[in-house]
Amino acid sequence: MTNITLSTQHYRIHRSDVEPVKEKTTEKDIFAKSITAVRNSFISLSTSLSDRFSLHQQTDIPTTHFHRGNASEGRAVLTSKTVKDFMLQKLNSLDIKGNASKDPAYARQTCEAILSAVYSNNKDQCCKLLISKGVSITPFLKEIGEAAQNAELPGEIKNGVFTPGGAGANPFVVPLIASASIKYPHMFINHNQQVSFKAYAEKIVMKEVTPLFNKGTMP
């Protein structure tokens, strides 16, 4: 059995017929709409986030070249594509779908980890925007907390706000970025390149895990 360690929170999801969260029209409700859509189709979530958040709208940074003086390899030319190909190979080596098909616990942990990471990313972005405009973030936190709770993410209520227990960095994106930055450190010096590679890593991870949701892997 293959397990992934996400946090001290034990991930469990129980089958239930959850009534969709009534959609609102406020800008604060963007994430609530997205996370509700996850329960019906993970593709809907990915599309919604792509439309709403700039991180998923990043275009590829123009190709960057530099020469390596390694005598055994000659003067190899590194490009953004080289790094992205490496990250894709690293992702394939994790065999997420294969492990999920053999281990239901792994599948549940994977699904919940992805949703918790989506929650965390969008919470951070929206809170920064609200704070910059001098708007209280409390109502927003309550709304996305309710959305996450209706999506059946495990967590707890503190000060009247529900927070998923596994909220944090995407457990699959992090190792992709870490491995690539170690192998190709010069390609991660530029901030724009870092943003581009992170967006690419999130994109391919989302594509890889989508079938887990479509097949109803979250029992």
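Among the residues examined, Glu156 qualifies as out of contact with any helix residue (DSSP H, G or I) (no Cβ under 9 Å at 6 or more places or on another chain) and acidic (Asp, Glu). Scanning region 156-187 for residues that are free of Cβ contacts under 8 Å to residues at least 24 places away in the same chain and not in a helix (DSSP H, G or I) gives Glu156, Ile157, Lys158, Asn159, Gly160, Val161, Phe162, Thr163.
Evaluation of Ala178 against the conditions (1) touching a helix residue (DSSP H, G or I) at 6+ places or on another chain (Cβ under 7 Å); (2) closer than 30 Å to Gln194 by Cα shows that the sole unmet condition is (1).
Put simply, of Val209, Val205 the only residue that is in a helix (DSSP H, G or I), at pLDDT below 90 and buried (at least 20 other Cβ atoms within 10 Å of the Cβ) is Val209. Condition first: within 13 Å of the chain's Cα centre (by Cα), modelled with pLDDT of 90 or more and not aromatic (Phe, Trp, Tyr). Can you find one or more residues in region 179-199 that meet it? Yes: region 179-199 contains one or more residues that are within 13 Å of the chain's Cα centre (by Cα), modelled with pLDDT of 90 or more and not aromatic (Phe, Trp, Tyr).
Comparison of Leu130, Leu141, Leu153, Leu115 shows that the only residue that is over 24 Å from Val209 (Cβ atoms), crowded, with 16+ Cβ neighbours inside 10 Å, in contact with a strand residue (DSSP E or B) (Cβ under 9 Å, 6 or more places away or on another chain) and at pLDDT below 90 is Leu141.
Against the condition over 14 Å from Ile114 (Cβ atoms), out of contact with any Leu (no Cβ under 6 Å at 6 or more places or on another chain), in contact (Cβ under 8 Å) with a residue 60 or more places away in the chain and β-branched (Val, Ile, Thr), how does Val195 come out, does it pass? So Val195 fits the description; yes. Among the residues making up region 79-112, those that are of a type in the set (Lys, Arg) and either touching a helix residue (DSSP H, G or I) at 6+ places or on another chain (Cβ under 8 Å) or surrounded by 15 or more Cβ atoms within 10 Å (Cβ to Cβ) (or both) are Lys84, Lys90, Lys97, Arg108.
The values are calculated or read from the model by the stated rules, or taken from the named source; none is laboratory data. Keep in mind that this is a model prediction, so the values were computed, not measured. A quick note on method: Cβ atoms are made from the backbone with ideal geometry, for glycine too, and the neighbour counts reach across all protein chains shown.
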